[in-house]
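Coordinate-derived values only; no laboratory data. As the structure is a computational prediction, the values presented were derived from the model and not from experiment. Note that we place each Cβ from the backbone using ideal geometry, even for glycine, and neighbour counts take in every protein chain shown.
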Amino acid sequence: MTGELFVAYARPDKPDPTVALRTPKDRRRWMDHHTAHWAYRCLPLRMANQLGVELALREDVVAHWDGHSYHPESVTVLRGERAASARFPGAVLTFDVPFVVVTPPEMNLLVLPPMNSFTDGAQAMTGLIETDWLNFTFTVNYKFTRPGEVRFASGTAIATLLPYPRAELVGGGSWSAHPLVEAPDDVQLQYKRYAQQRRAANARQAAGATPAEVLMLSYYRGENMNGDKVAGHMKSLARCPHQFPPE
């Protein structure tokens with residue numbers, strides 16, 4: 001498994017899987033609809049969009065929650081019964097994963113909501129799984145956030161799979177919080193420069209400036225507030241598109 005995030009083995013009981021694995025793209029439909037595509041200038045969003053591997057539906061799914069109870073019977077799958085079911089209490093819609101996912105030793109798998117993608121009426125749950133020894137599958141689950149129908153079109157990502165080192169989880173990780181005046185001098189100086197530029201940009205925008213005139217691109221360019229270029233700055237994960245099963 002050297003160099004691989006994980007290996008996914010297709011289950012023999014799912015010869016025509018309803019879910020595919022695919023390399024994420026940096027684009028999102030809602031970002032396309034932003035004025036002049038300004039959302040794509042937010043590099044943290046674009047980078048997060050490309051993380052991990054997506055699970056994407058290969059058929060439409062429509063489900064309905066009656067809102068009267070949290071029993072599994074309160075959820076009905078109206079379309080896409082092969083892909084989704086209602087088996088858990090709590091107004092939950094469940095998607096089968098047609099793969100056995102195996103990660104390298106001491107590597108867990110984070111099952112996350114699809115990055116910066118949203119579903120009206122339902123919220124994807126997050127799971128953390130020890131897939132270095134779990135030699136069977138798991139499910140992706142969505143919690144209804146309101147009564148009524150929820151729709152997932154074919155091609156919609158339903159989850160992001162992201163391996164995560166188990167050692168980083170022990171003890172919850174170490175962190176601390178302090179007043180900014182206790183930070184190193186250079187950190188304080190750069191923050192002051194940023195704050196001054198941000199206040200000036202906000203004032204120009206309030207006076208009617210366009211987004212292009214107030215956009216601060218230092219992070220996008222990989223420059224700190226001293227104007228220095230940062231080595232190793234990334235604007236793309238530069239991954240080759242891949243999908244299994246292929247379309």
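GluC sites (Glu not before Pro) within the range 69-150: which are DSSP loop residues with at most 11 other Cβ atoms inside 10 Å? Those satisfying the criteria are Glu106.
Mean-square fluctuations from a GNM of the chain, with a 10 angstrom spring cutoff on Cα atoms, peak among Val62, Val111, Val102 at Val62. Once the Cα-Cα distance is subtracted from the 0.36 nm per residue extended length, the Asp13 to Asp228 segment shows a gain of 71.8 nm. When the Gaussian network model of the chain links Cα atoms closer than 10 Å, the mean-square fluctuations of Ala48, Ala212, Ala91 top out at Ala212. Among residues other than Phe118 with Cβ under 11 Å from its Cβ, the summed charge is +1 (Lys and Arg +1, Asp and Glu -1). Here's the list of lysines a cross-link from Lys235 could span, going by alpha-carbon distance under 20 Å and ignoring same-chain residues fewer than 8 apart: Lys25.
Once the Cβ-Cβ distance of Leu215 and Val181 is raised to the sixth power relative to R0 = 30 Å, the FRET efficiency obtained is 0.50. Here is the P(r) of the chain: all C-alpha pair distances, binned every 5 Å from 0, give 1, 5, 10, 13, 14, 14, 12, 11, 8, 7, 4, 1, 0 in whole percents. Calculate the FRET efficiency for Leu51 and Asp120 from the Cβ-Cβ distance with a Förster distance of 41 Å, rounded to the nearest 0.05. FRET efficiency, Leu51 to Asp120: 0.95. Taking 23 Å as the straight-line reach from the Cα of Lys229, the lysines in range (excluding those fewer than 8 positions away in the same chain) are Lys192.
So if I place +1 on the C-beta of Lys and Arg and -1 on the C-beta of Asp and Glu, and nothing else carries charge, what would the dipole magnitude of the chain be about its Cα centre? I want it in debye, nearest 20.
The dipole magnitude comes to about 860 debye.
Listed by chain and number, the aspartates and glutamates whose alpha-carbon sits under 13 Å from that of Lys14, ignoring those within fewer than 8 places in the same chain, are Asp96.
Over the range 111-190, the fraction of Cα-Cα pairs per 10 Å bin, rounded to whole percents and listed from the shortest bin up, is 13, 30, 22, 21, 13, 1.
Ranked by how many other Cβ atoms sit within 10 Å of their own Cβ, fewest first, the residues Met216, Met225, Met234 fall in the order Met234, Met216, Met225. In order along the range 43-55, the Karplus-derived 3J(HN,Hα) couplings, from 6.51 cos²θ - 1.76 cosθ + 1.60 at θ = phi - 60°, round to 4, x, 5, 4, 5, 5, 4, 9, 6, x, 10, 8, 9 Hz, and Gly and Pro are given as x. What percent do you get for the relative contact order of the chain when only Cα pairs under 8 Å and 6+ apart count? For the chain, the relative contact order is 23 percent.
Relative to the longest principal axis of the Cα atoms of the chain, the long axis of helix 185-206 lies at roughly 80 degrees. Taking every pair of Cα atoms in the range 37-165, average 1/r, invert it to obtain the Kirkwood radius, and report Rg/Rh to two decimals. My calculation of the ratio gives 1.00. Out of Leu43, Leu93, Leu217, any idea which swings most in a Gaussian network model of the chain, alpha carbons joined below 10 Å? Of the options given, Leu217 has the highest mean-square fluctuation. Panel note: the C-alpha atoms of the range 150-235, placed on their principal axes, show extents of 43, 39, 27 Å (largest first).
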